Amino acid sequence: MSSRNILILAGIGVVLAALVAFMLNRPRAAQPPAFQPAANPYVHAIYAQGIIEGDQASGENINVLPEVSGPVTAIFVKEGDQVRAGQPLFAIDDSVQRGTTEQEGLQAQAARAALNELKAEPRRENLAVAQAQLDQAQASLRSLIDVRDKLQRSAKLDARSVSQEALDLAVDAAKTGETAVAVAQRQLDLVKAGAWAYDIQNQQAQYEALSHAYQAGGALLSKYVVKSPVDGAVLAINAAKGDYVSSQGAYDTYTQANQPAAVISPGSGKLAVRCYIDEILLSRLPNGANIK
């Protein structure tokens with residue numbers, strides 16, 4: 001290749017290099033943002049992290065933890081709702097406890113029925129049976145006495161007319177009849193006396209014990225509907241229908257920690273923010289009344 005051609009190529013390369021350098025050094029206008037970022041409306045501001053809680057002079061948010069455990073079957077409120085004290089927040093499966101409480105109630109009813117039965121004694125039908133047994137025993141005794149007296153009169157008239165064994169048997173039978181009448185009479189007196197005072201006291205104690213057990217079961221059953229302890233606003237519901245909750249709260253799979261099943265802000269529902277300010281920034285804080 002001749003020297004002339006080399007010079008021409010070199011000149012072309014210099015021109016291209018200058019052109020590329022010029023193009024790369026041209027200022028480029030910034031592209032518009034894909035979205036409008038949040039703007040700071042204040043001239044002076046301090047950024048801090050915090051939590052939302054009820055606007056109150058003292059105290060803090062109320063963490064609601066159930067006293068019983070089980071899966072959540074229903075949720076009656078949502079976050080932001082205003083609630084009154086005693087208003088249901090959510091319900092827990094109470095099928096087992098409900099059956100237990102109903103059983104305790106039936107046992108208390110059975111014990112009360114037995115107590116009323118003892119207090120209502122003597123029963124008219126039992127008196128009739130005892131009186132009939134006494135009448136039967138007395139009739140049998142009269143028959144046995146008649147047989148004995150006949151044999152004794154016959155023996156007095158003629159000792160050979162009655163054997164001594166038959167006479168002894170008749171005498172013994174009459175004595176047995178007298179004993180049977182005495183037993184029937186005592187049985188009638190026992191029925192008339194009614195229930196023994198100690199039996200009534202024992203049944204009374206059983207009824208009261210079962211009644212207390214039924215009341216305790218009912219109180220425990222009411223715990224399966226978790227209610228708001230105060231008037232306020234619902235800040236958080238950390239349990240969903242089907243979640244398992246306990247006295248430790250509801251398990252959060254994201255944080256792998258237990259959280260309160262619900263959080264209530266007491267008061268009128270007005271909220272405030274509790275901020276955590278770095279100690280270095282404390283000197284920059286204005287008077288509390290002037291903070292927006």
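Taken together, the values in this text are just the output of simple stated rules run on the coordinates, not laboratory data. It should be emphasised that the depicted structure is a prediction, and the values quoted were computed from it without experimental measurement. As a convention, Cβ positions derive from the backbone with ideal geometry for all residues, glycine included, and neighbour counts pool all protein chains shown.
At a glance:
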{"quantity": "Cα-based Kirkwood hydrodynamic radius, the stretch 170-292, one decimal, Å", "calculated": "23.2 Å"}
{"quantity": "Virtual paramagnetic centre 7 Å along Cα→Cβ of Arg98, amide N under 17 Å, in the stretch 238-262", "calculated": "242"}
{"quantity": "Rg to Rh, two decimals, where the stretch 28-82 supplies the alpha carbon set and Rh follows Kirkwood", "calculated": "1.21"}
{"quantity": "The stretch 74-210: equivalent-ellipsoid semi-axes (sqrt of 5 x gyration tensor eigenvalues, Cα, Å)", "calculated": "71, 13, 10"}
{"quantity": "Choice from Val147, Val14, Val245 showing the highest fluctuation, given a GNM over the chain with Cα pairs closer than 10 Å", "calculated": "Val14"}
{"quantity": "Positive dipole terminus of the chain, leading residue within Val15, Asn25, Ala113 (C-beta point charges)", "calculated": "Val15"}
{"quantity": "Projected-area mean, the chain, by convex hull of Cα positions, square nanometres", "calculated": "44.2 nm²"}
{"quantity": "Folded to 0 to 90 degrees: helix 197-222 orientation relative to the chain principal axis, Cα", "calculated": "20 degrees"}
{"quantity": "Estimated 222 nm signal from helices in the chain, with DSSP H stretches of n ≥ 4 weighted -39500 (n - 2.57), rounded to 500", "calculated": "-17000 deg cm²/dmol"}
{"quantity": "Mean Cα-pair separation over length for the chain, i.e. relative contact order, pairs under 8 Å, 6 or more apart, %", "calculated": "37 percent"}
{"quantity": "Charge dipole of the stretch 152-292 about the Cα centre (unit charges at C-beta), most positive-ward option of Ala239, Ala272, Gln203", "calculated": "Ala272"}
{"quantity": "Under 13 Å from the Lys78 label point (7 Å along Cα→beta-carbon), backbone N, the stretch 226-265", "calculated": "237"}
{"quantity": "The stretch 232-282, Rg to Rh (Cα coordinates; Rh as Kirkwood inverse mean 1/r)", "calculated": "1.13"}
{"quantity": "Positive-end residue of Pro122, Ser140, Ser228, charge dipole of the stretch 110-230 with Cβ unit charges", "calculated": "Ser228"}
{"quantity": "Cα-centre dipole for the stretch 60-195 with unit charges at Cβ (Lys and Arg positive, Asp and Glu negative), debye to 20", "calculated": "1000 debye"}
{"quantity": "Net lengthening on full extension, Ser246/Ala21 (0.36 nm per residue, minus Cα-Cα)", "calculated": "73.9 nm"}
{"quantity": "Chymotrypsin sites (Phe, Trp or Tyr not before Pro) restricted to the stretch 1-95 and DSSP loop, no more than 10 other C-beta within 10 Å", "calculated": "Phe35, Tyr42, Tyr47"}
{"quantity": "Other-chain or far-sequence residues with amide H under 5 Å of Val64's (modelled H)", "calculated": "Ala261, Ala262, Val263, Ile264"}
{"quantity": "Cβ-placed point charges (K, R +1; D, E -1), dipole of the chain about Cα centre in debye, nearest 20", "calculated": "1120 debye"}
{"quantity": "Distance from the stretch 124-138 to the stretch 234-274 (C-alpha centre basis), Å", "calculated": "73 Å"}
{"quantity": "Isotropically averaged projected area of the stretch 1-155, using the convex hull of Cα atoms (one quarter of hull area), nm²", "calculated": "36.6 nm²"}
